[in-house]
């Protein structure tokens, strides 16, 4: 059983993840990524999907054309855990590797 | 410029697409698909992504583990058009080909 992050660990996590924000009404973090077009957005999603499945920890996410919004929370803990931080860091690498817009 | 579907064409479309429903407050249709697991859900999304990009008509969609919710509407027409029907039929084929749960 993975434990929810303590306040200090949570603050450290958010400070280390630019653009990620806490979600109103849920113990979760969220970020929206913008790419050049749909192909780039879906290429990013494919990288994230493979990484997430490898970690057995899956995002809640949506896509509209070149935008991908990702919410992370740990169902088993009903809140934010180190698993979310680990996946967020891999997502950041995937976004950089895919080529963010602007 | 593609035209919005007339009421009769809209009724025919919905009758031919089981499980799709009109969306409250938007001129759009929506359906949620459930698969065996995340791998199956993302395999389905990949098929849909390739087909959608080939049609240059993209869904608004979200995924949580084995569930994929897809909303279709035509931005250029600010409503439901034949493009949405065409993409919905391809999505149905992809879902059947991937293997829906239950």
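Okay, here's what the table says:
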read-out	value
Principal-axis tilt of helix A:38-55 within chain A, Cα atoms, nearest 10 degrees	30 degrees
Relative contact order of region A:5-102, pairs being alpha-carbon contacts under 8 Å that are 6 or more residues apart, as %	32 percent
Label distances, nm, residue B:36 versus same residue in remaining copies, Cβ-directed 7 Å point	3.7
Directionally averaged shadow of region A:55-102, computed from the convex hull of its alpha-carbon atoms, nm²	3.8 nm²
Cα-based helix-to-principal-axis angle, B:82-98 vs chain B, degrees rounded to 10	10 degrees
FRET efficiency for residue B:67 and residue B:1, using Cβ-Cβ distance with R0 set to 35 Å, rounded to 0.05	0.50
Theoretical ellipticity at 222 nm over the protein assembly as shown - DSSP helices of four or more residues, -39500 (n - 2.57) apiece, nearest 500	-14000 deg cm²/dmol
At q = 0.16, 0.17, 0.18 Å⁻¹, base-10 log of I(q)/I(0) for chain A (Debye sum, equal scatterers on each alpha carbon)	-0.64, -0.73, -0.81
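Values in this text are rule-based calculations from the coordinates and carry no lab data. What you see is a predicted model; the values in this text were computed from it and never measured. We place every Cβ from the backbone using ideal geometry, glycine too, and count neighbours over all the protein chains shown.
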